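To start, the structure itself, in structure tokens.
The values are calculated or read from the model by the stated rules, or taken from the named source; none is laboratory data. Here the structure is a predicted model, which is why all the values come from computation and not from measurement. Virtual Cβ from ideal backbone geometry, glycine too; neighbours counted across all protein chains shown.
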Amino acid sequence: MDATVAVTAVDEVGPDTYAIRFETPEGLTAEPGQFVKLGTEIDGEHVARFYTLSSPTVGETFEVTVGIDPEEGGEFSAFLAAVEPGVEMTLAGPFGDQHYDGEGRVVVLAGGPGVGPAVAIAERALDEGGEAAVVYRDDDPAHEARLDALRERGATVAVLDGAADLTDPVADALTGSDDEGVFVYGFGEFVADATDAIEAAGGDADAAKVENFG
Ligand SMILES: Cc1cc2nc3c(=O)[nH]c(=O)nc-3n(C[C@H](O)[C@H](O)[C@H](O)COP(=O)(O)OP(=O)(O)OC[C@H]3O[C@@H](n4cnc5c(N)ncnc54)[C@H](O)[C@@H]3O)c2cc1C
């Protein structure tokens with residue numbers, strides 16, 4: 001669908017990381033792991049980028065989590081970092097089929113702003129009576145309150161620094177059970193490391209749900 005959406009809240013959830021909540025347009029339904037295309041006018045041109053849901057469900061509002069890379073990030077993430085409640089932008093979507101789909105156990109591997117779908121999918125799995133494990137790599141971790149809450153609810157959460165090798169933490173998270181779904185969210189370098197780690201642990205990277213942020 002195409003719609004115009006208004007921001008209802010912005011929270012800084014870590015260094016250079018913002019959770020942005022929007023009023024849900026009529027008719028929008030989406031699952032955590034799907035993404036929407038948000039757009040605005042910058043210097044007279046329409047600019048739009050994709051952002052993945054970081055709320056476990058879509059109700060009256062929904063959320064995305066935006067990471068700003070001070071060195072590589074560009075104009076759209078800078079625009080989002082400065083938005084305030086009431087700002088409107090265009091929305092298209094939802095897109096993507098690499099989303100939570102009722103798996104009994106979720107293992108979510110996240111790099112940088114991939115932590116948004118990671119917390120959303122883990123929360124949703126626990127809400128539905130399932131199990132969750134998160135392996136999150138970032139020099140400056142975000143969403144720590146939601147990660148702590150997940151630990152308290154019984155999820156396994158490993159937070160690794162940006163240079164960490166994923167092999168052992170991914171091997172520890174994977175059980176190989178029949179109802180286990182493996183998810184990967186992040187920029188290209190992280191996705192490559194995560195899929196290598198799945199294979200090294202004896203898992204099947206082709207069966208994982210993978211969303212590459214670029
Ligand atoms: C399917 C999909 C889902 C996405 N979901 C999210 C999401 O949930 N949250 C989110 O923050 N971004 C997400 N992205 C990335 C997002 O769409 C933008 O590309 C990003 O915000 C940068 O936009 P920009 O205009 O600021 O910079 P651009 O000028 O478009 O990009 C500049 C360069 O910086 C790199 N880059 C930008 N930000 C980062 C970062 N934080 N870490 C590492 N490299 C970076 C990009 O790869 C690119 O090469 C997603 C992308 C895709 C394709």
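Observations
- Tallying residues that are hydrophobic (A, V, I, L, M, F, W, C), within 16 Å of the ligand (Cβ to nearest atom) and farther than 20 Å from F50 by Cα within the stretch 77-133 yields 1.
- Yes/no for A145 being outside the structural domain of G67 (by TED's automatic domain parsing) and away from the ligand (no atom under 16 Å from the Cβ): yes
- Residues that are surrounded by 20 or more Cβ atoms within 10 Å (Cβ to Cβ) and touching a residue at least 60 places away in the same chain (Cβ under 8 Å) number at least 3 in the following strands (runs of 3 or more DSSP E) confined to the stretch 15-74: 17-23.
- Residue satisfying all of: in the stretch 139-163; in a loop (DSSP other than H, G, I, E, B) and either more than 13 Å from A110 (Cα to Cα) or among the acidic types (D, E) (or both); modelled with the lowest pLDDT among these: A163
- Against the list (1) out of contact with any Asp or Glu (no Cβ under 8 Å at 6 or more places or on another chain); (2) away from the ligand (no atom under 14 Å from the Cβ), the condition D43 fails is (2).
- Among residues of the stretch 179-192 being touching a residue at least 40 places away in the same chain (Cβ under 8 Å) and not in a strand (DSSP E or B), the one that is farthest from L160 (Cα to Cα) is D179.
- For the stretch 75-84, residues that are under 19 Å from P117 (Cβ atoms) and without any contact (Cβ under 8 Å) to a residue 40 or more places away in the chain total 2.
- The C-beta contact set for the stretch 135-146 (first residue buried (at least 24 other Cβ atoms within 10 Å of the Cβ), second residue among the charged types (D, E, K, R) and in a loop (DSSP other than H, G, I, E, B), distance under 8 angstrom, 6+ apart or interchain) comprises R137/D161; D138/D161.
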